[in-house]
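Here's the structure, in structure tokens; my notes come after.
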Amino acid sequence: MIRVLIVDDHQIVGEGTKSMIELEEDMQAEYILNEQEALIKSDATPFDVYLLDMNMPNCSGIEIAQKILHIQTDAKIILYTGFEYVSQFNLLINSGISGIISKSASQQELLMAIRAAVNGYTLLPISLLRQLRTDDITTQQLENKTALLTQKELEILESVSKGSSNKQIADELYMSSRAVEYNLTKIFKKLKVGSRSEALTEAMRQGILKVHI
């Protein structure tokens, strides 16, 4: 029997979710309204899965999840939310939860998410996977751009952003002034610019250099 604890301050949602889960012969659900009772129950009789409302009035679902994980380190926790969560996905996963599901999900999706958590898996909506893929591509593009410049060129560009002269850069990086000039020429060519200020502006635009000009 899979035991599920539902924590949600909206009674209609909580009771409705409980009813959906208990339509399954091998699932038993209990519904409570607040964090304190959730912690007491998780300490007394650990559940197989915890379904937590992400937006509780006095304590976020993430905070409740972390408190439960402190009591039951192997707890399977799914956050249940009525809000967009893509932008917070990394934060949510890093908090130790086992999954996230929308309150608009179907009964089948909810039950699949619960079973997946019990078996050590996480179900993600296709829309989220696409967003994560887009973010990954963006990160890869930035890495590719940064790779166009050598480590030494990046160090020189960083010094330029601080207002250092060629001589100061040479002293800082233990190079000759001629070597600094040579590397600056290569940087300008790679960034397709003609001056220090243009190089900084272009590096900022491409995300290679994260400083304020």
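Of all the criteria given as (1) under 18 Å from residue 106 (Cα atoms); (2) among the charged types (D, E, K, R); (3) part of a loop (DSSP other than H, G, I, E, B), the one not satisfied by residue 74 is (1). The residue of the range 38-51 that is surrounded by the fewest Cβ atoms within 10 Å (Cβ to Cβ), among those that are out of contact with any strand residue (DSSP E or B) (no Cβ under 8 Å at 6 or more places or on another chain), assigned to a helix (DSSP H, G or I) and touching a residue at least 24 places away in the same chain (Cβ under 8 Å), is 43. Scanning the range 174-189 for residues that are surrounded by 16 or more Cβ atoms within 10 Å (Cβ to Cβ) and either under 40 Å from the mean Cα position of the chain (by Cα) or of a type in the set (Ser, Thr, Tyr) (or both) gives 180, 183, 184, 187, 188. Across the range 191-212, the number of residues qualifying as surrounded by fewer than 16 Cβ atoms within 10 Å (Cβ to Cβ) and part of a helix (DSSP H, G or I) comes to 6.
Cβ separations smaller than 7 Å between residues 6+ apart or across chains give the following pairs from the range 195-209 residues that are free of Cβ contacts under 8 Å to residues at least 40 places away in the same chain to residues that are assigned to a loop (DSSP other than H, G, I, E, B): 201/213; 202/193; 204/213. Just a yes or no: is a residue in the range 158-165 modelled with pLDDT under 85 and outside any loop (DSSP other than H, G, I, E, B)? The answer is no; no qualifying residue exists. As for the range 147-156, it holds at least one residue that is modelled with pLDDT under 90, among the small types (Gly, Ala, Ser) and under 14 Å from residue 208 (Cβ atoms). If you take the residues in the range 71-86 that are touching a helix residue (DSSP H, G or I) at 6+ places or on another chain (Cβ under 9 Å) and not hydrophobic (A, V, I, L, M, F, W, C), which one is modelled with the highest pLDDT? Step by step, filter the range 71-86, then rank; the result is 76.
The values are calculated or read from the model by the stated rules, or taken from the named source; none is laboratory data. Predicted model only: the values in this text are computed from it and were never measured. Virtual Cβ from ideal backbone geometry, glycine too; neighbours counted across all protein chains shown.
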